[in-house]
Amino acid sequence: MKDARGRVGEAATPRADEFIRGVRPETGPRSARGLWTDAEEDVSVSRGVPEPMDSTTPANGPPMAAIDRSLGDLADRVRRAVRRSYWFSGLAWAYGVAVIVALLFPGDTTVTTSNGAIISGPWWMQPIGLPIFLSLNVVVGFAVHELLVARREALQESVAQSTSPPSSPSEGGWIRAIQESQKAVTRMKYVAEFAFIPLTLGLFADVQFCVMYLLSGTSVAGLSPYWFIPGALPVFLLAVPLYIVARRSIAGFQTRLDRQVGELARLEAEFLWRFTGPST
Amino acid sequence: MMGRPDLFVIGRLLEAMVNSPEPLRRTPLQQKAGLNYTVFQRYLDYLLRLELVVETAGSEGRLELTPKGVEAYRFLSEGLGRIFKVTNGGS
């Protein structure tokens, strides 16, 4: 149905001032307008008999199956991103706790260095300490990988790339799925943010230890008061940018879902207004 | 009495009718929309009340879209496609 200016569906659209005043539009059928407030209203009093439509009339817009598929993809992507961020969180916590526990683990040992000096200290001053702490960085690598994959899932703009058949959940299914996605992304945000605490502490302690261990026998050892600098460097070069990236991508994901929920609510309101009239 | 209608369900019902070359009976329509009987019945009553769908005059039990129904389908498919970034080609 196009009006004289070629706009689709404008004829049934009530004026805004009518909406504000709560006046029912004359163009809407009474039976429809009364649906939400008076279910018993007689359909027979509606305006005239509706004219059947030629079913070959083409309809614009994408088919609902594509929209169903798109929503299914979105829900899957949220699930994957959340799962990845949980992996990131688990690895970050495991790493942070492992580093701190390793450093605080008691057990004094006596070590003879290459130049024959005898040093008494914790277990990690033994030669085995360095490879253990270095290998812990592999965990950081896995954690960063998980976070970046989660970010990639979150940033994917197009949601209709799947070739899987569209799913069509029952009534309210998609609305619920989107709302659950919103909640999942909010949880994901907190989980990822808190994971940066052990990750940062672990990185700081781990790298500092490795540098201290490597430099302890050299002339740089005299600069021990400044040894916190190498520990702080990876924090500033890796953890902080990573935190910013994670925060931005998750916030972007949240914003997109919030916008979709808002636009859905607006579409629903507009649909009700256009096709049923005000339901006040 | 129906609460808030699910636009996706309405869209699927209307689309099944738009795509059908001839007026549909209830059961094929229900199957095409992928709804259980209770939900289907509720939404069909709703669409009939809104005059988006009518029973075909000649053959009893068959349903077809009204111009308003086609307009509603366009409105929904374009609106939902815009929100979820689905183009006219369906992908």
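Odds and ends about this structure:
- Tilt relative to chain B, helix B:67-83 - C-alpha long axis, 0 to 90 degrees, to 10: 30 degrees
- Between residue A:135 and residue A:183, the FRET efficiency from the beta-carbon distance, with R0 = 41 Å, is close to 0.65.
- Axis of helix B:37-50 versus longest Cα principal axis of chain B: the two differ by about 90°, to the nearest ten degrees.
- Sites residue A:255 and residue A:145, calculated FRET efficiency, Cβ-Cβ separation with R0 22 Å, nearest 0.05: 0.30
- Area hidden from solvent between B and A (accessible, protein heavy atoms only, 1.4 Å, total, Å²): 5300 Å²
- Cut-off under 5 Å, modelled amide H: who pairs with residue B:25 long-range: B:63
- Cα gyration tensor, chain B - rounded (a/c under 1.5), prolate or oblate: prolate
- Rounded to the nearest 10 square angstrom, residue A:80 shows an accessible area of 90 square angstrom against a 1.4 Å probe.
- Taken residue by residue and averaged, Cβ atoms of other chains lying within 10 Å of the Cβ of A:65-75 number 5.
- Per residue, the solvent-accessible area of chain B (1.4 Å probe, heavy atoms of protein chains only, all protein chains present) comes to 40 Å².
- Measuring between alpha carbons in the structure, the pairs from A:189/B:32; A:183/B:85; A:183/B:32 lying more than 30 angstrom apart are A:189/B:32; A:183/B:32.
- Relative contact order [Cα under 8 Å, 6+ residues apart], region B:15-83, whole percent: 31 percent
The values are calculated or read from the model by the stated rules, or taken from the named source; none is laboratory data. What you see is a predicted model, and the numbers here were worked out from it, not measured in a lab. So basically every Cβ, Gly included, is an ideal-geometry build from the backbone, and we count neighbours across all protein chains shown. Note: areas computed on protein heavy atoms with side chains; ligands, DNA, RNA excluded. Shrake-Rupley method; radii C 1.70, N 1.55, O 1.52, S 1.80 Å.
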